[in-house]
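The values are calculated or read from the model by the stated rules, or taken from the named source; none is laboratory data. Only a predicted model underlies this, so the values are computations on that prediction, with no experimental measurement involved. Glycine gets a Cβ as well: all are built from the backbone with ideal geometry, and neighbour counts include every protein chain shown.
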Amino acid sequence: MTKQMIIGAHTSAAGGSFNALYEGQKIGASTIQLFTSNQKQWHSRTIGEEEIALWEKARAETGMEKIMSHDSYLINLGSPDPELLKKSRHAFGEEIKRCHQLKIDFLNFHPGAATTGDEKDCLATIAESLLLFDTQLAKGKTKLLLETTAGQGTSVGHRFEQIQTILHDLHRKIPIGVCIDTCHIFVAGYDIRTREGWEATLKEFDEIIGLKHLYAFHINDSQKELGSRVDRHAPLGAGEIGIECFRYLMESAKTRDLPKYLETPDGSPSWTKEIALLRSFATR
C-alpha cells in the first residue's frame, strides 16, 4: 500500500537539477518538485547534455515518480502590460523546453494576476497565452498544472470558478490540469480543516471543475486564518488548518493516490518527519 503513495517535497537543484533527486531520496520521498532555473530571474539557464545525462542517472537510481517543476515567480501569463506579457510567454516556453529535456511529468504554475487590468480580461489572456504552446507541448509528455492560489493582491485562481474559466475548452487542446495547494485554498476561503469540510470542498470542485482534472496537491499548513487571502506556509499540524486535513488526504479514496508535494518551512529535517507522518496515515 505505501509503495503507491507518491509523496515528496520541493528540493534544491543547487549545483545541478540532479541534486534535487538525491535530496529527495535522503528525505524518504518518492517524488520531488524543483525549479529548473532561478525562479526570481528573467534570464533562464540552459541545460546541457552532461546535466541531462546526470539527471537521467539520478532518476534511475532514486526511482522518483511524477516529478514536478515549478515555474518562475516572475511569469504572469495574464498581464495587461504587453512587454511583461511577452517576457512571461517567452520564459514559460523556455520552462517547457527544460521540462521536456528532463522528461518532467508536471509543470506547475500560478495562473497570473490582473494587476492594473480587469479580472475577466486576465483570465482570457491566460487561456490565450497557454494556447500558444500547443505545438511545443505536443513534442513532450509534460502536463501543465494550474495551481490554486491564495488570492493575494490581484492574483487569480483562488476561486474554483476562475480555474474553470481558464480550463473551459483548453483541456481538450493542450495537456493541462489542476494542482490544489492546501494552504492557498484555505486562506482563499475553503474550509478543509475537517473530513466534512474536505468532502464539501471536493464536491464543489467536482461540480465546478471536475475531479478528473485534479492531478496533484501541494501540502502545506497555514500561518494565516481561513479566508485571509495571505499566503504563509506552516509545518503540518502547526498552523490554522490542523493535522486532520492531511490525515483525510492520505485516507480518502478520492485523494490518497494523487501525488503530494510538501512546501512546508524548515527544509529537509522537517520533510523527513512529515513524509513519514503522511505515510503512516495511509497505512491505518
| message | Step by step: first the residues of the stretch 1-42, then only those that are out of contact with any helix residue (DSSP H, G or I) (no Cβ under 9 Å at 6 or more places or on another chain) and modelled with pLDDT under 95, then the one that is surrounded by the fewest Cβ atoms within 10 Å (Cβ to Cβ). Which residue is that? | response | K3
| Restricting to the stretch 259-270, what's the tally of residues that are buried (at least 17 other Cβ atoms within 10 Å of the Cβ) and assigned to a loop (DSSP other than H, G, I, E, B)? | 2
| message | Can you list residue pairs whose Cβ atoms sit under 6 Å apart, with the first residue in the stretch 99-119 being farther than 29 Å from K141 by Cβ and the second being modelled with pLDDT under 95 and among the hydrophobic types (A, V, I, L, M, F, W, C)? Count only pairs 6 or more apart in sequence or on different chains. | response | none
| message | For the stretch 130-182, give me each residue that is assigned to a helix (DSSP H, G or I) and within 12 Å of the chain's Cα centre (by Cα). | response | T182
| request: Give the number of residues within the stretch 73-108 that are of a type outside the set (V, I, T) and either in a helix (DSSP H, G or I) or at pLDDT below 95 (or both). | output: 20
| said: Take A127 and tell me if it is more than 25 Å from A20 (Cα to Cα) and either in contact with a Gly (Cβ under 7 Å, 6 or more places away or on another chain) or crowded, with 16+ Cβ neighbours inside 10 Å (or both). | reply: yes
| request: Those residues that are surrounded by fewer than 19 Cβ atoms within 10 Å (Cβ to Cβ) and under 17 Å from C179 (Cβ atoms), I need them from the stretch 142-160; list them, please. | output: R159
| request: Filter the stretch 196-227 down to residues that are out of contact with any Pro (no Cβ under 7 Å at 6 or more places or on another chain), farther than 11 Å from A150 by Cα and either among the charged types (D, E, K, R) or not in a loop (DSSP other than H, G, I, E, B) (or both), then give me how many there are. | output: 22
| request: Output the residue which, of all residues in the stretch 61-107 that are touching a Pro at 6+ places or on another chain (Cβ under 8 Å) and among the aliphatic types (A, V, I, L, M), is farthest from G153 (Cα to Cα). | output: M68
| Among the candidates R193, R279, R256, which residue alone is part of a loop (DSSP other than H, G, I, E, B), in contact (Cβ under 8 Å) with a residue 12 or more places away in the chain and within 29 Å of S12 (Cα to Cα)? | R256
